[in-house]
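In what follows, a single structure is set out as structure tokens and then discussed.
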């Protein structure tokens with residue numbers, strides 16, 4: 001199978017410097033893009049079917065086409081790389097930044113050029129120190145070789161690129177929360193519309209894009225949309241970084257064709273469950289996705305099929321739960337995270353999630369009541385999309401609502417036996 | 001008073017943003033890098049440089065968990081308490097650390113050597129459980145490994 005995003009990953013975990021990156025074919029995509037019209041770049045990305053790898057799966061080319069272009073467009077325009085990888089269970093963008101920093105910069109140059117951005121920021125989570133160090137070095141090299149700065153490679157295009165290290169908090173990964181954080185404010189979400197493509201960072205047209213998505217762009221420019229579609233085993237294009245953590249034999253991260261089945265990832269790549277443990281369920285793409293269980297193992301890991309199965313592919317890094325882990329404790333851990341990370345901007349989130357956490361704790365402690373399960377379902381309904389400013393609360397209740405569906409007897413056992421059967 | 005280095009590092013970032021008020025987080029992190037935390041006095045100094053009120057700065061500082069408004073120990077231990085680490089033994093690690101250091105989560109040892117904090121998912125879930133000490137990531141932990149790691153930080 002052809003590796004795209006991880007083809008330059010070295011056995012010793014080092015990153016290629018600019019010379020070696022160029023020798024490996026690096027910056028050819030950027031060179032090609034700079035000779036095209038920005039609109040053509042958007043068109044190629046549209047045709048490729050590339051969808052956002054941050055979790056939502058929005059078509060990338062379409063997103064860019066909403067940015068006002070041409071001579072009358074407002075400037076400066078911005079590109080923000082969302083490197084705030086903080087979705088629990090997700091560890092894919094770290095690899096791309098630590099081990100392929102030039103790949104990210106090249107993808108960003110192409111994306112920035114497509115929307116005619118003047119300034120690009122890499123919004124990096126504050127704990128990723130090795131990523132920061134390697135990105136700083138790669139940025140300096142890219143400036144030195146005129147892939148960044150003024151009149152890039154004689155094209156007449158100018159682009160500044162800066163690294164911003166976050167002060168923390170999950171909310172910074174939310175598109176508009178990230179913009180507020182970059183403006184030096186609290187990372188509360190903004191009301192949409194206006195959408196960031198029209199009025200984003202400092203009130204100017206802005207695209208916020210996930211790292212893995214950006215790392216695909218120059219490959220698509222270089223090799224074409226048909227090649228990109230051909231990499232996949234399903235109707236969603238490209239390859240995907242899939243991961244597995246939790247109770248599997250070989251936790252890890254693998255670049256595989258989009259649409260590889262959950263079973264293949266779990267059994268062939270992750271080596272199946274650890275000795276003596278039975279599979280009970282998994283979150284397919286991070287903490288804010290619905291549980292999938294045994295009956296879903298042959299589902300293809302892509303945006304379309306996982307959604308049909310009642311969940312979301314999310315970030316594509318699965319969290320695998322076994323039969324010796326308490327599902328109530330598992331969900332309690334998740335709701336603790338979401339309640340803590342809620343920014344407090346809207347009620348279903350700050351109130352609903354901390355209420356959910358407290359109820360789950362009391363069920364775990366053997367003090368749960370029968371109506372608690374209906375109350376938890378009520379919170380899931382109240383935190384549904386449309387009732388909140390951003391996707392934090394709707395995402396937070398996805399594992400909760402599906403745990404109540406698939407592991408209901410475990411919740412009921414806690415209540416009837418007045419204890420956690422796993423303790 | 002901010003040191004000349006702190007001031008210089010903050011001013012070097014001015015050109016990265018169209019408005020220097022956007023530098024609140026960067027500036028406080030620069031101060032913290034030099035002093036370990038951000039005091040009321042430092043907040044006042046940053047406020048003057050950036051033209052942002054002290055209360056606004058404090059509202060930003062208290063939103064972000066990596067900005068410390070209280071003094072911390074020489075080394076800050078951050079233990080991941082998110083889902084994959086929780087499944088792979090976070091509770092045991094936390095209990096071991098709290099009993100060995102004789103402090104609770106959120107506290108600093110009497111000798112000022114360590115501050116112990118929980119942290120959300122560190123993005124290294126295939127090597128759970130994990131923790132950071134200062135800028136270093138430590139993975140695939142067990143209690144023995146934690147003991148030898150602590151020795152490295154004096």
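The values are calculated or read from the model by the stated rules, or taken from the named source; none is laboratory data. Remember, predicted model here, so these are calculated numbers, not experimental data. No Cβ is skipped: glycine too gets one built from the backbone with ideal geometry, and neighbour counts run over all protein chains shown.
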Review point. In this structure, does residue B:144 turn out to be more than 23 Å from residue A:93 (Cβ to Cβ) and surrounded by fewer than 15 Cβ atoms within 10 Å (Cβ to Cβ)?
Key: yes
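Here's a check for you: in segment B:76-88, which residue that is in contact with a helix residue (DSSP H, G or I) (Cβ under 9 Å, 6 or more places away or on another chain) and more than 8 Å from chain A (Cβ to nearest Cβ) is farthest from residue A:334 (Cα to Cα)?
Step one: filter segment B:76-88 for residues in contact with a helix residue (DSSP H, G or I) (Cβ under 9 Å, 6 or more places away or on another chain), giving B:77, B:79-88.
Next, from what is left, pick out any that are more than 8 Å from chain A (Cβ to nearest Cβ): B:77, B:79-80, B:85.
Numbers: B:77: 22, B:79: 16, B:80: 13, B:85: 12 Å.
That would be B:77.
What do you reckon, is residue A:117 more than 13 Å from chain B (Cβ to nearest Cβ), within 23 Å of residue B:12 (Cα to Cα) and either touching a strand residue (DSSP E or B) at 6+ places or on another chain (Cβ under 9 Å) or not in a loop (DSSP other than H, G, I, E, B) (or both)? Can you show your working first?
Working: more than 13 Å from chain B (Cβ to nearest Cβ): yes; within 23 Å of residue B:12 (Cα to Cα): yes; either touching a strand residue (DSSP E or B) at 6+ places or on another chain (Cβ under 9 Å) or not in a loop (DSSP other than H, G, I, E, B) (or both): yes.
In short, yes.
Helices (runs of 4 or more DSSP H) wholly in segment A:165-279 with at least 2 residues that are crowded, with 21+ Cβ neighbours inside 10 Å - which ones?
Numbers: elements: A:175-182, A:211-223, A:225-230.
Those helices (runs of 4 or more DSSP H) span A:175-182, A:211-223.
Considering each of A:279, A:303 in turn, give the residue that is closer than 20 Å to residue B:125 by Cβ and either at pLDDT 95 or above or touching a helix residue (DSSP H, G or I) at 6+ places or on another chain (Cβ under 6 Å) (or both).
A:279
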Point to revise | Checking residue A:285 against (1) touching a residue at least 60 places away in the same chain (Cβ under 8 Å); (2) within 14 Å of chain B (Cβ to nearest Cβ); (3) farther than 17 Å from residue B:88 by Cβ; (4) in contact with a strand residue (DSSP E or B) (Cβ under 6 Å, 6 or more places away or on another chain), the condition it does not meet | key: (4)
**Study point:** Members of segment A:389-400 that are crowded, with 20+ Cβ neighbours inside 10 Å and either in the same structural domain as residue A:279 (by TED's automatic domain parsing) or assigned to a helix (DSSP H, G or I) (or both)
**Key:** A:392, A:393, A:395, A:396, A:397, A:398, A:399, A:400
Check your understanding: Regarding residue A:89, is this residue crowded, with 23+ Cβ neighbours inside 10 Å and assigned by TED's automatic domain parsing to the domain that holds residue A:160?
Key -> yes
Point to revise | Check on residue B:34, over 20 Å from residue A:181 (Cα atoms), under 17 Å from the mean Cα position of the chain (by Cα) and either outside the structural domain of residue B:20 (by TED's automatic domain parsing) or in contact (Cβ under 8 Å) with a residue 40 or more places away in the chain (or both) | key: no
**Study point:** Cβ pairs under 8 Å, 6+ apart, first in segment A:395-414 and without any contact (Cβ under 8 Å) to a residue 12 or more places away in the chain, second surrounded by fewer than 19 Cβ atoms within 10 Å (Cβ to Cβ)
**Key:** A:413/A:421
Review point. Are any of the residues in segment B:50-65 in contact with a strand residue (DSSP E or B) (Cβ under 9 Å, 6 or more places away or on another chain) and either without any contact (Cβ under 8 Å) to a residue 40 or more places away in the chain or within 12 Å of chain A (Cβ to nearest Cβ) (or both)?
Key: yes
Review point. Within segment A:289-305, can one find any residue that is within 14 Å of chain B (Cβ to nearest Cβ) and more than 21 Å from residue A:374 (Cβ to Cβ)?
Key: yes
Point to revise | Filtered residue count, segment B:26-38, keeping only those that are out of contact with any strand residue (DSSP E or B) (no Cβ under 9 Å at 6 or more places or on another chain) and either at the interface with chain A (Cβ under 10 Å from one of its Cβ atoms) or under 15 Å from residue B:65 (Cβ atoms) (or both) | key: 5
Review point. Do you know which of the residues in segment A:323-346 that are farther than 18 Å from residue A:363 by Cα and at the interface with chain B (Cβ under 8 Å from one of its Cβ atoms) is surrounded by the fewest Cβ atoms within 10 Å (Cβ to Cβ)?
Key: A:340
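Is it fair to say residue A:77 is modelled with pLDDT of 95 or more and within 22 Å of residue B:19 (Cβ to Cβ)? Explain how you work it out, then say what you get.
Details: modelled with pLDDT of 95 or more: yes; within 22 Å of residue B:19 (Cβ to Cβ): yes.
Taking the combined requirement at face value, the residue satisfies it.
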Exercise for review: Could you check, for segment A:65-76, whether at least one of its residues is surrounded by fewer than 22 Cβ atoms within 10 Å (Cβ to Cβ), under 20 Å from residue A:201 (Cα atoms), free of Cβ contacts under 8 Å to residues at least 40 places away in the same chain and within 23 Å of the chain's Cα centre (by Cα)?
Suggested key: yes
Review point. Taking segment A:125-142, which residues are part of a helix (DSSP H, G or I) and either crowded, with 20+ Cβ neighbours inside 10 Å or in contact (Cβ under 8 Å) with a residue 12 or more places away in the chain (or both)?
Key: A:130, A:131, A:132, A:134, A:135, A:136, A:137, A:138, A:139, A:141, A:142
Revision key, fill the gap. With criteria (1) within 14 Å of chain B (Cβ to nearest Cβ); (2) within 22 Å of residue A:391 (Cα to Cα); (3) crowded, with 24+ Cβ neighbours inside 10 Å, residue A:97 comes up short on (2)
Check your understanding: Given B:43, B:93, B:97, which one is surrounded by 14 or more Cβ atoms within 10 Å (Cβ to Cβ) and either part of a loop (DSSP other than H, G, I, E, B) or outside the structural domain of residue B:142 (by TED's automatic domain parsing) (or both)?
Key -> B:43
Review point. Is it the case that segment B:18-25 has a residue that's within 14 Å of chain A (Cβ to nearest Cβ), surrounded by fewer than 20 Cβ atoms within 10 Å (Cβ to Cβ) and farther than 17 Å from residue B:61 by Cα?
Key: yes
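The rows are residues; the columns are (1) facing chain B (nearest Cβ under 9 Å); (2) in contact (Cβ under 8 Å) with a residue 24 or more places away in the chain; (3) under 22 Å from residue A:51 (Cβ atoms).
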residue	(1), (2), (3)
A:160	yes, yes, no
A:164	yes, yes, no
A:170	yes, yes, no
A:173	no, yes, yes
A:181	yes, yes, no
A:188	yes, yes, no
A:192	no, no, yes
A:197	no, yes, yes
A:206	no, yes, yes
